[in-house]
1. Provide the packing ranking of 261-274, 524-537, 310-323, i.e. peptides ordered by the mean count of other C-beta atoms within 10 Å per residue, highest first.
2. State, to one decimal in nm, how far the label point of R216 lies from the label point of R71, with both points 7 Å from Cα in the Cβ direction.
3. Cα centroid distance between the range 604-626 and the range 313-336, in Å?
4. Once you put a point 7 Å from the Cα of D445 and another 7 Å from the Cα of D779, both along the Cβ direction, what distance in nm separates them?
5. In a shell of Cβ-Cβ distance under 15 Å around T577, excluding T577 itself, what net charge do Lys and Arg (+1) and Asp and Glu (-1) give?
6. Over the Cα atoms, compute the radius of gyration (one decimal) and Dmax (the largest Cα-Cα distance, rounded to a whole number) for the range 361-453, in Å.
7. Taking H placed 1.01 Å from N in the peptide plane, check which residues at least 5 places from N131 or on another chain put their amide H under 5 Å from its amide H.
8. Work out from phi, with θ = phi - 60° and the Karplus expression 6.51 cos²θ - 1.76 cosθ + 1.60, the ³J(HN,Hα) of each residue of the range 158-163, listed in order in whole Hz, and give x for Gly and Pro.
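The values are calculated or read from the model by the stated rules, or taken from the named source; none is laboratory data. None of these values were measured; they are calculated from a predicted model. Here the Cβ positions follow ideal geometry from the backbone for every residue, glycine too, while neighbour counts run over all protein chains shown. To get the accessible areas, we keep the full protein, side chains included, count just its heavy atoms, and leave off ligands, DNA and RNA. Shrake-Rupley method; radii C 1.70, N 1.55, O 1.52, S 1.80 Å.
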Amino acid sequence: KVCKLINTLEGLPRVMPSLPPFFFLKGHCYVLETNYESLRVLNVERNGNIIYNYKDDERNIVFGLYDCQTRKNQHLYTFEKDLQVVSCSVNREKTLLAASLVKSTEEGRRNELQPGSKCLTLLVEIHPVNNVKVLKAVDSYIWVQFLYLHVESHPLPQNQLLLISEEKCKYIFKFHAGVIKNSDHLPRHRIAEDFVWTQWDMTEQRLYYIDLEKSRSILKCLQLINFGYDYRQDQEKLCKYLTLCVFTNHTGSLCVCYSPKFDSWEQITYSVFYFHKGYSKTFTAALGSAGSHGTQGITFLNLERYVAVYLPGHFFHLLNIQHPDLICHSLFLTENNKTNDMLPHSSFQSLSGSLVLDWYSGRLYRAFLDQSYLLRFLWNTSLDCEKMAILHCVLSCGQDPQFLEGQIIQWISENVSACHSFDLIQEFIIASSYWSIYAKTSNVDTILPYSSVLTWNTVHSFKGYWEKLNSNLDYVKYAKPYLCYNNSVVKREWHNLISEEVCMRQGEQSKQPTHPRLTLLLQEEDNHQKLLLGLMVSELREHLLRHLQGVEKKKIEQMVLDYVSKLLDLICHLVETCWRRHDLQSSVLHFNRPRSAAEFEVFHIMTRILEATNSLFLPLPPGFHTLHTILGVHCLPLHNLLDYIDNGVLLLTETAVTRLIKDLDNSEKNEKLKFSILVRLPPLIGQKICRVWDHPMSSNIISRTHVTQLLQNYKKQSRNSMMDKSSFSVEFLPLNYFIEILTDLESSSQALCDFEGHDNVDAQFIQEAALKHTTMLLDL
């Protein structure tokens, strides 16, 4: 009846915290609504239960517990004295309460001349009877914490209570429930002494501390929840002491964040040690001239795959702990950034499981990155470094990947040329494909690329000293095995196989990933892309089998198919978004229509997509090259078009050229275009195109090809001089003799077996084509 816990985000009555709009910290805000301003959150146990206290009208200290499972409050105990709580904890069975108390300010003034201890640590049996035992009475502060062991189904007969004192000693008390009354001495074990800093990991039951051994300071860890923040501490002294936090998460990361004491407000230095990656980074930030320096110290926040370093009113640094080697994946906001002004000017304590305690207001938050604000920030920022950092942040922490990918693709389609220091399309394709299978296996960041930055080539124009230095750096880079997959292997195989017809057949028979085909992309068979796709599937499968020891082969094969399918799907999505944005219709696929400005925009974006995928040697969805070529013919003058074709930007496909031949008439301008395209086609495709083009030049090409096929194995033999003159329309002996030879060769079925599409092509057709060509040459 005294207090009510309200969870603002789970459908219960909403109580808004008295904080400005939150940029990155957002989520479950647990607010205790009561008439007493003294209400404070004291501790969060491992099972999620929240312990709080407040002073009633008679200045008694009331302890309460909010059960996160039942969402009900429970009264634990009341001390009939005006005291201040340093720390408290309750055991799993809710039968024992440990509390460390000091006299309040007013009480302390009244009794300052009386002897007695400054801090009293009590163990209270709250159920079934209220027995109280003094564990420690000293002048230094004591922090208490019950241990919650992992064995859930088999409760241990003993309770274990951890005590940490300012005397630089740690104890563990072990006792049975119900033995407090009759026990004069509880067994205890000293587990550490002479330490300078300590932190408790609530979720994993780990105790971190810095031990002083001779002249060294050693960070140690004991696998043994979070001690309540001492809000009584003089805030004026915060900046005079070091700040140290240890963060872990389910991915196996271990980060130590450290900031030494600082005496001036001109600059601040802090270090982050990424033990799980073997990296450490030290940063120095100038604090500038922010209005009031205030009294808040630096705050480190654990945000799962990120660590936030926060100094209210000065800066906010979001560090990517998954890939600390790339500093461009981290975000730094200064006091001049409008976003930084939206952050609350309060200091926080980061607890386990992304919990954050605002010890000014006594409110508890579950922090996570606000996706909607990140997307707005991505649209508005002008700095390339911030675009890259936010892009990876959204993709790695998003709760709805498909929605976020759609928003990012929309942004890319409108800002494709906005980034100058990196390829936006490349970075998005690689990062999104990486995160799509990240959860399916561990260590994927060591075997699959997560950024296009990893593929950047080293500059080769160094001379003298710089050339030698670069060589040394390359040696250091490759001194240990580089496990990350690189498509350069596919590139080498591609150049070896592209001209071999047998390999083309093998590529068609390779197991191909399925992917959704968009109606905007033509439904066609692209043998070259099939071969490239098959090679990538094969090489990636071998790579994963080699480095993912212990993972089933079937699971790895599915991962490969999912990964490659994701690549193709992202490219399809990019093209489709561009078409919809510019409202292009299917009529664009025909050549006999006027061009529009929208086609130029889509052609430009498709060219950027092609450039991004080519440098990474990634496959493209079927129909991409056909669509790109059709837009190129629409948008480019002839000399530019031919230059694009000759330099490999536009790839001529049978579908695109066939449509061009059929759609355009044989005007002088169109004939010039068709001839220019025809001479640039591969021989096999050129033969097929000529058979659908009703033009003398096409007949000439067909005739030459047919004659070449017939005469490849021709051997001169004696012939019958008697010829059927009626079968020839002209008396031109050289031509007549030549046609006779062709007629004889055509009578042999073996001569024609290797020639595809020979129907309606015979000696008579050759004769007519030759005469027509001669007539044209003589201008008759």
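1. Details: 261-274: 15.4, 524-537: 20.1, 310-323: 22.1.
Peptide ranking by packing, descending: 310-323, 524-537, 261-274.
2. According to this spin-label approximation, the distance is 5.3 nm.
3. 32
4. Taking the simple label geometry, D445 and D779 are separated by 7.5 nm.
5. Values: positive: R580, R581, R608; negative: E405, E414, D569, E576, D583, E601.
With Lys, Arg at +1 and Asp, Glu at -1, the neighbours total -3.
6. My reading of the Cα-based Rg and Dmax gives 14.4, 47 Å.
7. E125
8. 10, 9, 10, 10, 9, 10
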